[in-house]
Amino acid sequence: MSALAENPVRQHFYEGMFLVDSGKFATDPDAVTNDIMAVLTKVGATVVAHRPWQDGKLAYEIQGMKKGLHYIVCFTMRGAGMKTLIRQCQLNETIIRQMFIVHSQQIFDATVGAITGAATPQAEAPQSERPERGRGDRRRDEMPSDLDE
């Protein structure tokens, strides 16, 4: 048995946040999205979910930009490709800044569900499973009337 078969390459679960020029995204969103996806594809990442997240004023000016769009992407990739991904992002003219977070499978699945709008079964607890209020957790309108005297 080969060493590769005994120790398969481990895929990590990543959340990537890309800061792009909001003006460029407003004029051609498909081109900006394709640029981000091309960088990820080049390094062997498998994109699971992606969408624009937040567009607005930046806390401080970055490369002359006062506004930016944050684009969120959930993807899987080998850990060894991270240095190459960061370098490719730095060389790309569309991507201003980037940040990557490694997640566990559960958090990754929840994040993908939030991005795609698909609710996870764990997030939807039936009404009967919610904890009841404790004895001292009364609302003001439920207080006994004898306290008003």
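The values are calculated or read from the model by the stated rules, or taken from the named source; none is laboratory data. Nothing here was measured: the structure is a model prediction, and the numbers come from that model. Cβ coordinates were reconstructed from backbone atoms using ideal geometry, including for glycine residues, and neighbour counts include every protein chain displayed.
Observations, loosely collected:
- When the residues of segment 99-121 are filtered to those that are touching a Cys at 6+ places or on another chain (Cβ under 8 Å) and over 14 Å from M17 (Cβ atoms), the one that is surrounded by the most Cβ atoms within 10 Å (Cβ to Cβ) is F108.
- Failed condition for D55, given (1) at pLDDT below 90; (2) more than 27 Å from G117 (Cβ to Cβ); (3) not small (G, A, S): (2)
- Matching residues, segment 76-99, being at pLDDT 90 or above, hydrophobic (A, V, I, L, M, F, W, C) and either touching a helix residue (DSSP H, G or I) at 6+ places or on another chain (Cβ under 7 Å) or over 16 Å from W53 (Cβ atoms) (or both): M77, M82, L85, I86, C89, L91, I95
- Of all residues in segment 59-74 being among the aliphatic types (A, V, I, L, M) and in contact (Cβ under 8 Å) with a residue 24 or more places away in the chain, the one that is farthest from V9 (Cα to Cα): M65
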